[in-house]
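Notes to accompany the following structure.
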Amino acid sequence: MGRNTLGEFEQAVLLAILRLGPSAYGVPIRHDISERLGRAVSVGAIYSALERLERKGFVSSWTGGATAERGGRAKRFYRIEAPGVRALDAARVATRNLWAGLPEGAPA
Amino acid sequence: MSKKRVFISGDEEQLRTFNFDILPEVKELHLVVAPGAGKSIYMSRVVANYIKYHETHHLKLFPGAGMSFYVAKPDADLNMPEIGQKLLPFILPRKLRAAVAGDLAEDFRTYATRWGRPYALRWLWWELAGLCIRRFGPSAIITAVGLWCRQKLGW
């Protein structure tokens, strides 16, 4: 995967962060993606993608407050940055171009 | 609080006169109408109260019928096992350690509450195995297991 391109799973993670807004941390991101993709997603897969996206400069993270149900451990919140928004837009345009001229629904 | 299933059997009269007040933490009530036939009726706390105050004969209880309750379980069962927490420093980079451990603890609590501790434990070990494979690669894991088997079991 190129430096400024997004894989399918990376797109899913970025879109989940966008949807969740300021409450985007590991657990809700994982649940949102699992629900939308209709399959189980592992914690490791989420954090691998988040680390990759952070290295590319698409997201930034900061440490939030700890809660009792997490055994006093802090949450790591994620926010999408301008390059991430641009990459998502580019991915949407690319997908639209690939589908251009084809009918809606599954091909016969 | 998580839920634990308790089964109480008895005849119609016993079930009708059962004092629900001794189980204030009842979450759900499941009435087994005909166990042999595998028929059952799922009921809420509202229906449980209905049974308490009304006749139950119209529910057509059969011999051997019973009720099972989901009652609250102590909070200790909802905590991630200590061995899981001790493994994390070996398989996670320092930066992500607290966040991932917290996420695992939070999800463990959710699953233990919803589906019970055995399910949550299975999920946790699966996740930890996945994290190990991501960190060290499958070949390193296979080599380590192979070495362990050779050393301990003499294979």
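What the table below lists for this structure:
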item: Translational D in µm²/s for the range A:1-67 (Stokes-Einstein at 20 °C, 1.002 mPa s, Kirkwood Rh from C-alpha pairs); result: 174
item: Solvent-accessible area buried by pairing A with B, both sides, nearest 100 square angstrom, 1.4 angstrom probe; result: 1700
item: In the range A:5-108, trypsin sites (Lys or Arg not before Pro) in a DSSP loop with at most 16 other beta-carbon atoms within 10 Å; result: A:Arg39
item: Prolate/oblate/rounded call for the range B:116-155, Cα gyration tensor, a/c under 1.5 rounded; result: oblate
item: Accessible area in square angstrom per residue, chain A, 1.4 angstrom probe; result: 57
item: Residues losing 50 Å² or more accessible surface upon assembly, the range A:38-87, compared with the chain by itself, 1.4 Å; result: A:Val43, A:Tyr47, A:Glu69, A:Arg70, A:Arg73, A:Arg76
item: Shape call, the range A:27-108: gyration tensor on alpha carbons, a/c limit 1.5; result: oblate
item: HN-Hα J in Hz across the range A:66-77 - Karplus 6.51, -1.76, 1.60, θ = phi - 60°, x for Gly and Pro; result: 8, 10, 5, 5, 9, x, x, 8, 6, 8, 10, 8
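The values are calculated or read from the model by the stated rules, or taken from the named source; none is laboratory data. Not measured: the values here are computed from a predicted model. Reconstructed Cβ throughout: ideal geometry from the backbone, glycine too, with neighbour counts over all protein chains shown. Please note that ligands, DNA and RNA were not included when accessible areas were found on the heavy atoms of the full protein model with its side chains. Shrake-Rupley method; radii C 1.70, N 1.55, O 1.52, S 1.80 Å.
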